[in-house]
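Have a look at the structure below, then the notes.
We did not get these values from a lab; they are worked out from the coordinates using the rules stated. Predicted model only: the values in this text are computed from it and were never measured. Neighbour counts run over all protein chains shown; Cβ positions are idealised from the backbone, glycine included.
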Amino acid sequence: MRILVTGGAGFLGSHLCERLLKDGHEVTCLDNLFTGEKSNIAPLLSHPGFEFMRHDIVDPFKLEVDRIYNLACPASPIHYQYNPIKTVKTSVMGAINCLGLAKRVKARILQASTSEVYGDPDIHPQTEDYRGNVNPIGSRACYDEGKRCAETLFFDYHRENKVDIRVVRIFNTYGPRMHPEDGRVVSNFIVQALRGEDITIYGSGQQTRSFCYVDDLIEGIVRLMEQEETVGPVNLGNPDEFTILELAEKVLQLCESQSKITFGELPGDDPKQRQPDISLARKYLDWEPGCDLQSGLRKTIAYFKEKLKAS
Ligand code: NAD
Ligand code: UDP
């Protein structure tokens with residue numbers, strides 16, 4: 001198949017492009033390189049089935065494709081809050097441009113949505129029928145509400161125009177090719193531990209997250225795209241839940257680091273707990289994550305050791 005991956009030069013997108021090429025597809029990666037890097041896709045550039053298009057998804061574009069994976073959007077709080085209006089445009093106008101294309105060329109289209117649509121959740125773990133607790137005027141809203149509106153657009157194009165959609169709600173995912181400076185917790189802690197800098201916990205460290213290794217996530221996304229039983233939304237993530245303090249301690253131990261843990265201010269609207277209910281993914285995709293936090297961290301630490309050595 002001819003497949004478009006928007007945001008294909010980013011962390012998840014580059015792993016997805018690689019996987020789809022391995023499966024024998026032709027892949028076009030569309031990215032404006034805001035948070036993505038050419039180095040993420042450098043090994044793919046010589047592949048005859050791969051094409052890179054530097055383009056901003058907010059501006060319309062034309063292509064002939066069979067599948068669209070829409071991943072273009074900065075995902076870390078510091079990057080999506082850098083220009084919040086642009087973040088909303090990327091999610092909303094990006095979705096409209098991709099859905100318009102899917103409608104014209106009759107492509108199946110998948111939206112990379114997020115656990116952030118649940119906001120600071122008051123049910124635990126989060127099931128797909130939970131409608132969320134998002135502050136529409138807070139500092140995270142540009143991302144959360146942008147993603148919620150994108151889901152709305154996907155379902156309206158599906159109902160009104162019969163566009164063949166899939167929607168995945170991704171929970172915190174980590175692994176090689178995260179940007180070392182992108183501010184997310186796993187990359188921050190590993191880079192700090194390897195450099196011998198203080199580990200910066202925001203708040204008390206008692207807030208929780210559930211961390212999924214990238215290979216597990218990519219498998220789930222591809223399965224969701226290619227099955228016929230549900231359009232979603234389907235949660236994908238690892239249900240093993242850890243406090244941020246536990247994560248810091250694990251990273252320190254695995255890096256054999258002497259870094260000290262410090263406690264700073266908690267950012268506004270930071271969710272207190274997050275854990276996916278993955279019953280639907282088990283049922284429809286026969287999917288569950290196979291990589292535990294310890295093994296995933298080891299692989300990610302090995303990647304960052306090399307990356308920091310080279311820089
Ligand atoms: P990332 O920042 O590494 O990748 C996003 C990519 O989108 C980058 O390559 C960036 O340059 C590109 N991009 C941003 N704005 C664009 C625009 N206007 N036009 C074209 N390209 C643009 O982040 P990621 O972790 O790989 O996330 C990929 C997708 O998955 C995002 O949509 C994100 O919201 C979603 N997601 C990720 C996670 C996670 O834990 N990694 C969790 C939930 C949802
Ligand atoms: N966090 C932290 N120190 C850091 C980066 C993040 O304590 O250096 C916390 C952050 O406040 C949040 C959790 O770790 O409670 C996960 O943050 P991340 O930005 O990775 O993802 P999200 O909040 O979007 O789930």
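Results, tabulated for the structure shown:
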quantity: Which numbered condition residue 90 misses (of (1) within 9 Å of ligand 1 (Cβ to nearest atom); (2) under 14 Å from residue 13 (Cα atoms); (3) buried (at least 23 other Cβ atoms within 10 Å of the Cβ); (4) not aromatic (Phe, Trp, Tyr)); calculated: (2)
quantity: The range 262-289, residues that are within 18 Å of the chain's Cα centre (by Cα), farther than 18 Å from residue 182 by Cα, not polar (S, T, N, Q) and not in a helix (DSSP H, G or I); calculated: 271, 274, 276, 277, 278, 287, 288, 289
quantity: Subset of the range 79-113 (residues that are assigned to a helix (DSSP H, G or I) and among the aliphatic types (A, V, I, L, M)); calculated: 85, 88, 92, 93, 95, 96, 99, 101, 102, 105
quantity: Leading residue by the ranking (farthest from ligand 2 (Cβ to nearest atom)) among those in the range 187-199 that are crowded, with 16+ Cβ neighbours inside 10 Å and farther than 15 Å from residue 79 by Cβ; calculated: 194
quantity: Subset of the range 13-39 (residues that are surrounded by fewer than 24 Cβ atoms within 10 Å (Cβ to Cβ) and part of a helix (DSSP H, G or I)); calculated: 15, 18, 19, 21, 22, 38, 39
quantity: Residue selected from the range 64-78 under the condition assigned to a loop (DSSP other than H, G, I, E, B) and farther than 24 Å from residue 227 by Cα, by the criterion farthest from ligand 1 (Cβ to nearest atom); calculated: 76
quantity: Any hit, the range 1-13, residues being touching a residue at least 60 places away in the same chain (Cβ under 8 Å), more than 23 Å from residue 147 (Cβ to Cβ) and among the basic types (Lys, Arg); calculated: yes
quantity: Residues satisfying the stated conditions in the range 22-63, i.e. more than 9 Å from ligand 1 (Cβ to nearest atom), out of contact with any Asp or Glu (no Cβ under 8 Å at 6 or more places or on another chain) and among the small types (Gly, Ala, Ser); calculated: 24, 39, 42, 46
